[in-house]
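Each value in this text was obtained by applying a stated rule to the coordinates, not by laboratory testing. Model, not experiment: these values are computed from the prediction. Heads up, the Cβs are rebuilt from the backbone with ideal geometry, glycines too, and the neighbour counts pull from every protein chain shown.
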Amino acid sequence: METPASRGSVITLVVLLGLTLGLGALGSLATVPQIPGWYAQLQKPAFNPPNWIFGPVWTTLYVLMAVSLWRVWRSTHADALKTKVAFFLMLLLNAAWSPVFFALHRPDLALWIIYFYVGALALLIRYLWRQDRLAAALQFPHLAWVLFATALNSAIASLNQ
């Protein structure tokens, strides 16, 4: 693994931060326009957090995702390729969720995406755990939030059939 002081390592981290934060910015393009209209009129469960919390939480999670992957990016561990595939599958599912939920107004379909997202994230954590336990632990807040988001998505889909 590269040391944090090496130039290539810093560049890799910056690229991974750009990737994850850029993904979040893309998701917000589907999300933000829907907040005052469509999303505001939906029935939501009592445990629905205030809208302002989502941005800071996701920004933090995207940074943790990037640092987690950065820690194992140049790994020669037997699971290194599986880890990268699981990571990019998880990112793909993350990217798919916002447009389906918000732009298409389909909480029911988004729920299926988030189920697969949870599975991909759990698999990623499993592979990370074998290589770098800190990298895996950096994903624990992510998993907790996505499990909460799954419950929220499920409740919204149920309340708005």
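Quick notes
- Working from Cα pairs under 8 Å separated by at least six residues, relative contact order for the stretch 7-159 is 32 percent.
- Remark: the chain carries a charge dipole of roughly 280 debye about the Cα centre, counting +1 on each Lys and Arg Cβ and -1 on each Asp and Glu Cβ.
- Karplus 3J(HN,Hα) series, Hz, for the stretch 75-92 with 6.51 cos²θ - 1.76 cosθ + 1.60 (x for Gly, Pro): 5, 10, 4, 4, 8, 4, 5, 4, 4, 5, 4, 4, 4, 6, 5, 4, 5, 4
- Top positive-direction residue, dipole computed over the stretch 7-159 with Cβ charges, set 41, 98, 12: 12
- Comparing 89, 42, 138 in a Gaussian network model of the chain (Cα springs below 10 Å), the most mobile by mean-square fluctuation is 42.
- Structure remark: mean-square fluctuation, Gaussian network model of the chain, C-alpha springs under 10 Å; the largest value among 68, 98, 28 belongs to 28.
- Relative compactness, the stretch 7-159, computed as alpha-carbon Rg over 2.2 N^0.38 Å: 1.07
- Hz values of 3J(HN,Hα) by residue in the stretch 56-63 - Karplus curve (6.51, -1.76, 1.60), Gly and Pro given as x: x, 5, 5, 4, 4, 5, 5, 5
- Contour excess over end-to-end distance, with Cα ends at residue 52 and residue 151 and 0.36 nm allotted per residue: 33.8 nm
- The modelled label-to-label distance between residue 59 and residue 115, using points 7 Å beyond Cα along the C-beta direction, is 3.4 nm.
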